[in-house]
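A.B. asks: Could you have a look at this structure, given as structure tokens, before my questions?
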Amino acid sequence: MTQMLNPEERRAALSKVVGDVDVALGLPNEAYLEADYFAEEKKKVFGASWAGVGFAKDLPEALWVQPIDFLGEPLILVRDRQDQVRVFYNVCRHRGMKLVEEPGKMNVIRCPYHSWSYDHGGALKITPHAGGPGNNICGRLEKDVTGLIEVRSHVFMGVIFVNLDGQAPAFKEANAKLLERWSEFADQPLTHTGEDSGFKLSLDTNWKLAVENYCESYHLPWVHPSLNSYSRLEDHYHIMQNDEPQASGAASQVTSQVTSQVTSQVTSQAFSGQGTLVYSPMLAEDGRRFPAFDALDAKWDKQAEYVALYPNVLLGVHKDHSFAIVIEPKGPNQSVEHIEIFYAKPEVAGADWQAMRAKNTAMWKLVFEEDVFVVEGMQKGRSASGFDGGVFAPAMDAPTHLFHRWAASKMLAE
Amino acid sequence: MAPVMSDAVLFRALENGDHKTAAQLYMQAAEQAGDSDAAAFYATHAYVHALQAGDTAVEQRSGGLLRRMGRLR
């Protein structure tokens, strides 16, 4: 049974989402089920924002090119000769041929059709025979302007972000509040140790449900009993970058952030999530710890924070490692979580840290796998045509509601 | 255009993705060609394969030849 709403019904439903948390409803079912809604999100939610599309570590050296598909858009992630990460549409400016099928280091980006060739800055190097056999000059072509079409990109916390519509404020401007909040981590070099520090989860769920679940700590004692052994619910606090009034309740009273506006009229990026005051898992029986990032405030000895940077990047910071999850939306009810862990110091890549790295990866994998039945269960529940989007528990669900509100506002924008 | 290189060697290089050898063979053909059109044709292929191989020597030779002929900007 279709859950698609007509434009008036959709506007009415989304208007109920953007209200205060104590009266709001969640996003309507069509937001999780319908291909038309998903297609509109591509433009209004992802295209208008800074969306995560991959990881800089997947471009291991200069001249590396990685083709990806993001929401049906063929892109190439490129590390240029100056070691800068850049993103282009994976399409030849000539006849629209897809340029690159396989990742690798390549000296030039050559179209396999007529061999139009581009450098890693996107500039045309040659258009062979374009002016006739043996003549590579075509009056209509200007090598400097008929290059690859670049997509705005930015690397933060190891993640490659893109702004597809080119209209969002610069990444650092759009995310100034998060950069300020995590200023101690933002410019620290990160060490990725290879395959033992990454994994992915294929989920039968809409991308938003993975975000929603990540935003809140409410579910921790029920879904993550292992976490609860060292980080109890009452040790957690909300993180919200928005214009919401401060929510009441135990978990929110520690450091809820109530700052600048985030609504359909405001273009800055929003985020929400949760933090813990007692992060300190024991990964080695002898008490050994991973080395910490430089010059951290003492509060990070036990504190850790987990933020969903809307729309699709989930981040976590700890004194000794961070992680990033890029949620790849594959369809209304299909998503892939790409999870990568980064360490504070390069020596952690060494063999003598291998066992602890493996234990840390296993710990996070267990946590994220424990969430799978939840995000897939909520997806199944959304087929209940009588479900109205659900209510929020104001004390505990304010970060989740903030995401609903942001996503609804994006869809309400003209 | 008269063949000025071993087709078998060239085809093997192309099949194996050996752009360096292909670039050198095409450059050799360009420099031995009997007329400017043939030279430009071969030099064009030498240039593309040199770009792929990262062979700056052949890239400069083929590119230089094409530019002198007004066939590459």
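A.B. asks: Determine the per residue accessible area of chain A with all protein chains present and a 1.4 angstrom probe, expressed in square angstrom.
C.D. replies: Heavy-atom accessible area per residue stands at 42 Å².
A.B. asks: Ok, one more. Counting only protein heavy atoms, what percent of the accessible surface of the stretch A:100-243 is carbon or sulfur at a 1.4 Å probe?
C.D. replies: Result for the stretch A:100-243: 48 percent of the exposed heavy-atom area is carbon or sulfur.
A.B. asks: Leaving out ligands, DNA and RNA but keeping every protein chain, what accessible area does A:C138 have, in Å² rounded to the nearest 10, with a 1.4 Å probe?
C.D. replies: 40 Å²
A.B. asks: Further, regarding this structure: Taking A:K200 as the anchor, which lysines have their alpha carbon closer than 20 Å to its alpha carbon, excluding any fewer than eight residues away along the same chain?
C.D. replies: A:K57, A:K208, A:K330, A:K359, A:K365
A.B. asks: If R0 is 56 Å, what FRET efficiency do you get for B:D35 and A:D165 from their C-beta distance, rounded to 0.05?
C.D. replies: E between B:D35 and A:D165, to the nearest 0.05, is 0.65.
A.B. asks: With +1 on each Lys and Arg Cβ and -1 on each Asp and Glu Cβ, how big is the dipole of the protein assembly as shown about its Cα centre, in debye rounded to the nearest 20?
C.D. replies: It works out to roughly 1380 debye.
A.B. asks: Continuing with this model, one more query. Going by Cβ distance under 4.7 Å, what cysteines of chain A have no possible disulfide partner?
C.D. replies: For chain A, the answer is A:C138, A:C215, because their Cβ atoms have no other cysteine Cβ under 4.7 Å.
A.B. asks: Return the single residue from A:T146, A:T400, A:T276 with maximal mean-square fluctuation; model: Gaussian network over chain A, springs between Cα atoms under 10 Å.
C.D. replies: A:T146
A.B. asks: Accessible area, 1.4 Å probe, largest first: how do A:E41, A:E8 sort?
C.D. replies: Correct descending sequence by accessible area is A:E8, A:E41.
A.B. asks: Something else: Put simply, what bits of the stretch B:23-53 lose 20 Å² or more of accessible area when the other protein chains are there, versus the chain on its own (1.4 Å probe)?
C.D. replies: B:F41, B:T44, B:Y47, B:V48, B:L51, B:Q52
A.B. asks: Kindly express, to the nearest 10 degrees and within the range 0 to 90, the angle between helix A:394-412's C-alpha long axis and the longest C-alpha principal axis of chain A.
C.D. replies: The answer is roughly 30 degrees.
A.B. asks: Given a 1.4 Å probe and no ligands, DNA or RNA in the count, how much accessible surface is buried by B and A, both sides, to the nearest 100 Å²?
C.D. replies: That pair of chains buries around 1400 Å² in total.
A.B. asks: Which of A:V159, A:V313, A:V374 moves the most in a Gaussian network model of chain A with Cα springs under 10 Å?
C.D. replies: For chain A, modelled as a Gaussian network with Cα springs under 10 Å, the answer is A:V374.
A.B. asks: How about the stretch A:69-117: which trypsin sites (Lys or Arg not before Pro) there are in a DSSP loop, with at most 12 other Cβ atoms within 10 Å of their Cβ?
C.D. replies: Taking the stretch A:69-117 and a limit of 12 other Cβ atoms within 10 Å, the loop trypsin sites (Lys or Arg not before Pro) found are A:R81, A:R95.
A.B. asks: List the residues of the stretch A:185-228 whose backbone N lies under 19 Å from a point placed 7 Å from the Cα of A:A351 along the Cα-to-Cβ direction.
C.D. replies: A:193-197
A.B. asks: A further question on this structure: What is the percent carbon and sulfur in the accessible area of the stretch B:21-68, measuring with a 1.4 Å probe over the protein chains and ignoring ligands?
C.D. replies: Roughly 43 percent of what the probe reaches on the stretch B:21-68 is carbon or sulfur.
A.B. asks: Mind grabbing the accessible area of A:V326 for me, 1.4 Å probe, Å², rounded to tens?
C.D. replies: In the full protein context, A:V326 sits at about 10 Å².
A.B. asks: Indicate the gyration tensor shape class of chain A (rounded, prolate or oblate), computed on the Cα atoms with a ≥ b ≥ c the square roots of the eigenvalues: a/c under 1.5 is rounded; otherwise a/b larger than b/c is prolate and the rest oblate.
C.D. replies: Oblate, because a/c is 1.5 or more while a/b does not exceed b/c.
A.B. asks: Order B:K20, A:K57, A:K208 by their accessible area, 1.4 angstrom probe, all chains in place, largest first.
C.D. replies: Result of the area sort, largest leading: B:K20, A:K57, A:K208.
A.B. asks: If A:R382, A:R140 are ordered by their accessible area, calculated over protein heavy atoms with a 1.4 Å probe, which sequence runs from highest to lowest?
C.D. replies: Greatest to least solvent exposure: A:R140, A:R382.
A.B. asks: With angles folded into 0 to 90 degrees, how steeply does helix A:7-17 sit against the dominant principal axis of chain A? Use alpha carbons for both and round to 10.
C.D. replies: Helix A:7-17 sits at roughly 50 degrees to that axis.
A.B. asks: Continuing with this model, one more query. Counting only the heavy atoms of the protein chains, how much of A:D294 is accessible to a 1.4 Å probe, in Å² to the nearest 10?
C.D. replies: Here the residue's solvent-accessible area equals roughly 90 Å².
The values are calculated or read from the model by the stated rules, or taken from the named source; none is laboratory data. Computed from a prediction, not measured in an experiment: that's the story for all the values here. With ideal geometry, Cβ positions are generated from the backbone for all residues, glycine too; neighbour counts draw on all protein chains shown. All accessible areas refer to the heavy atoms of the entire protein, side chains included, with ligands and DNA or RNA removed. Shrake-Rupley method; radii C 1.70, N 1.55, O 1.52, S 1.80 Å.
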